[in-house]
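A short write-up of the structure that comes next.
The values are calculated or read from the model by the stated rules, or taken from the named source; none is laboratory data. Keep in mind that this is a model prediction, so the values were computed, not measured. Cβ: placed from backbone, ideal geometry, glycine included. Neighbour counts: every protein chain shown. The accessibility values were calculated without ligands, DNA or RNA, using every heavy atom of the protein model including side chains. Shrake-Rupley method; radii C 1.70, N 1.55, O 1.52, S 1.80 Å.
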Amino acid sequence: MRLGTSEAIRLSSTSSSSSSSSSSSSSSSSSSSSSSYSSFSSIFNKPQKEAEKEEKKAWLAGLIDGDGCFTLSKKGYAALEITMDLKDSATLYYIKQIYGGSIKLRSGVKAIRYRLHHKKGILFLIQDINGLIRNPDRLAQLNKICIHKGIPIIYPAPLIHFDDAWVSGFFDSHGTVTLNSLTHQITISITQKNKLLLDPLVPLYKGHVYIDNSKYISYKWAISSKSDLVNKLKYFQICPSRSYKKARLLLIPQLLELKAIQAHLADPISDPLKWRAWNKLVNKFQNFGYEEEE
């Protein structure tokens, strides 16, 4: 059957329109699918980012509970000070990048002090750590500032979660990682005057709390068994240390591996390779990750 010119044009136009509509529908579907994926991707990633922010806030609260101090002058000026070992300058500069403030050397000692006192920075910090401070002394100091500024103080929830980053911050302030030169025992510990701050660590990470120095009435929480150390290292993968002590934490798996093959007991004459490997790693551990030149 032959078609007239006008009829051919009409059918061609219809076909083209149909094709265009199909293409448009396909494109719309693709765009919709892309939009949905983008939306899902955003929703999927958001909790992870929020969780990271919350982890950093809890870590900072733990650090302040250990090495920090809130002050309120007679004129009503609020300030936060954090004093740490000179080796932790990177830790304090990390905080300074977020809230501002200043960092200065302490005269006569190998320590540095971070100070935050401008109004905007203090209010921003209080917003972040209010409800996360656990040290009774620090909580009382913060409460004075909150009353002065008309901010309701928020009391912390019980420390019952394995992945609470407050512990990491508290470790960075009062924690240590040691290797006994005689027994070769590896120990992760936290020392504190207030025993109540250490007691919740036992049900979460095992170990025990004991009087560390009766003269100054301080207490220590400590773990040293292989299973407890491995468990605690899993914690630090979730809630990382941000102090120079992190270097020793990272060396614990290697120390445990060498101990498993008795390298710590190796004789320098009969088994020089194991002996050398162990002593080289111990030297690195004592120097917080830095190897001495041979």
Within the accessible area of the stretch 145-294 (1.4 Å probe), percent carbon and sulfur: 57
Relative contact order for the stretch 113-202 using alpha-carbon pairs under 8 Å, separation at least 6, rounded to a whole percent? 20
Rounded, prolate or oblate: which fits the stretch 104-171 when a ≥ b ≥ c are the square roots of the eigenvalues of the alpha-carbon gyration tensor, with rounded for a/c under 1.5 and prolate only if a/b beats b/c? oblate
Beyond 19 Å, the calculated P(r) of the stretch 46-111 holds a percent of Cα-Cα pairs equal to 42
Relative contact order %, the stretch 169-285, counting alpha carbon pairs below 8 Å whose residues are six or more apart: 20
How much of the calculated P(r) for the stretch 153-294 lies past 18 Å, in percent of all Cα pairs? 60
Using modelled amide H (1.01 Å from N, peptide plane; none on Pro or chain starts), what sits under 5 Å from the amide H of residue 212, excluding residues fewer than 5 places away? 218, 219, 220
For peptides 171-180, 97-106, sequence by mean Cβ density within 10 Å, most packed first: 171-180, 97-106
Over the stretch 139-178, consider all pairs of different Cα atoms and compute the Kirkwood hydrodynamic radius from their mean reciprocal separation; express it in Å, one decimal. 12.5
For the stretch 139-294, the per residue accessible area (1.4 Å probe, Å²) is 56
Once you keep just the Cα pairs under 8 angstrom separated by 6 or more residues, what percentage relative contact order results for the stretch 221-283? 21
Rough spin-label spacing in nm, given labels placed 7 Å along Cα→Cβ, for residue 280 and residue 218: 3.5
Which of the lysines could a cross-linker bridge to residue 220, judged by Cα under 22 Å and excluding same-chain residues fewer than eight apart? 193, 195, 206, 232, 234, 245, 246
Give the separation of the Cα centroids, the stretch 44-111 to the stretch 138-211, in Å. 16
